[in-house]
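The next block holds one structure in the form of structure tokens; read it before the comments.
Here, each number is a calculation from the coordinates, and none is a lab measurement. This structure is a prediction, so every number in the text was calculated from the model and none was measured. Positions of Cβ are backbone-derived with ideal geometry, glycine not excepted, and every protein chain shown enters the neighbour counts.
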Amino acid sequence: MRLGQQSFVYFLAKNAAYVVSFLAVVYFARLVDPSTLGIYYVVIGLLAWLQLPGNMGISSAIKKRVSEGTDADEHVTAGIIVIGALFVITAALLFVFRERVTAYIGADVTEYLVFLLFAGLSYSIVQAVLEGRQLVHVSGLLFPIKVGGRSLLQILLVLAGFELVGMLVGFATGVLVAAVLGAIVLALRFRRPARRHFANIGSFAKYSWLGSVQSRTFNWIDILILNVFVSSALVGSYSVAWNVAAFLNTFGVSVSRSIFPEISKLSTDDGIDSTTHLIEDALSYAGLMLIPGFIGGLLIGDRVIRLYGAKYVTGTAVLGILIAACLVNGYQRQLLTTFNALDRPDLAFRVNAVFVASNVVLNVAFVTWFGWIGAAYATLLTVSVATCASFLLLSRLVTFSVPVAEIARQWIAALTMGVVIYLAEPTVTPLKGAIPFGTAVGTIGLVAIGAAVYFFTLMGISRQFRTTVGRNLPVDAPW
């Protein structure tokens with residue numbers, strides 16, 4: 001697969017940002033109590049849902065219409081007008097139901113939610129236009145600015161004693177700064193849209209909005225439902241496990257976002273059948289990071305969780321399940337991206353409808369029956385069903401094959417890595433207490449060793465992977 005420099009830059013930038021974010025969350029987790037961290041993640045989860053009525057799939061529609069290259073400025077202007085109107089309505093409703101929102105969250109943060117909503121919607125518009133113009137690498141470079149900026153501000157504000165409020169204000173400000181910088185790069189030009197431009201945005205958004213629901217359901221519904229049944233401290237531990245799993249999901253996101261404009265343009269120019277190789281390539285790399293992450297999570301997940309502090313170690317119980325869910329979701333993400341890129345959001349709508357309904361119902365049922373661990377199992381089960389449905393629908397639309405051999409090589413490399421980590425882990429344990437931060441040093445060392453073993457093993461057994469790496473290096477590879 002020729003991921004290209006865009007995807008490569010996006011991947012590196014996003015991982016650099018996630019490292020910063022990881023360190024910031026580790027800092028927060030050690031400084032504040034699990035209850036405060038749990039409330040923070042509930043607020044961010046609620047924000048993700050608040051962006052839905054303020055967005056309604058419009059940003060996805062903007063990306064699609066811009067990628068087609070016809071009346072791009074008019075479509076962008078129409079999308080901004082719609083999103084702006086929906087933002088005003090959502091903000092007004094937040095203040096109307098302020099008491100109920102405060103009772104659910106456990107803190108009065110309505111003004112901060114509105115600020116967070118405005119910043120998030122602004123960033124989603126800029127990101128959609130960038131990706132629609134096939135500037136995924138620029139979008140990727142904005143991400144570390146957003147995450148790094150908000151993390152730095154959050155740390156400074158927490159140090160100043162603001163705790164929850166500081167974390168929320170820092171989050172919103174970092175996102176807004178990235179949105180402004182992206183708008184400057186784009187040099188957005190506003191042109192008066194006609195009725196047909198609004199119709200074009202609406203025709204795509206009426207299906208794609210459920211894709212936003214699906215994404216938010218996968219990432220946040222379990223946390224929001226847990227907040228009803230369990231303590232904020234337990235929500236904090238669960239969220240820490242999710243934070244680790246989300247880090248491993250970075251590469252799959254970069255592939256899907258890079259592949260969208262390519263499939264969209266190729267299907268428009270040469271027909272649907274011409275996209276087969278892109279679909280197969282996307283599936284080849286959907287689990288590139290998550291497969292070794294799953295093996296590593298099973299072996300040293302407790303060590304990774306302890307980086308956040310011993311008080312969060314209960315999150316180890318769900319870490320492997322959540323990584324498995326992200327792995328399955330990585331493949332589903334590529335399939336849903338293909339539906340939208342082929343201008344068949346109606347098919348994505350069907351899959352998303354099944355996913356959303358089943359995930360909400362199963363989360364409530366499983367948490368009630370099995371406790372907080374049931375939320376992780378519910379997420380894994382629903383995403384597995386949705387992935388099967390996506391595959392069946394897409395196979396009727398396009399002829400493609402699952403790259404079983406390449407995926408198998410990734411599992412072989414990951415299992416090889418697992419054996420090395422299993423043998424090396426006992427030798428690292430004595431580091432605890434021997435030097436300052438010995439446990440953290442040992443854990444990071446194990447992760448580095450595992451990553452090196454996985455990478456070089458896969459390089460040795462996979463010609464396709466060697467070719468991909470060679471094509472994306474800034475210099476000619478010796479092989």
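Observations on the structure shown:
- Once Rg and the Kirkwood radius are both taken over the C-alpha atoms of segment 3-207, their ratio Rg/Rh works out to 1.00.
- In segment 18-133, a dipole from Cβ-located charges (positive for Lys and Arg, negative for Asp and Glu) runs towards its positive end, and of Ile81, Ser67, Val43 it is Val43 whose Cα lies farthest in that direction.
- For the pair Arg30 and Ile461 in one chain, pulling the backbone fully straight at 0.36 nm per residue adds 151.0 nm over the alpha carbon distance.
- Charging the Cβ of each Asp and Glu at -1 and of each Lys and Arg at +1, and nothing else, the dipole of segment 278-351 about its Cα centre rounds to 380 debye.
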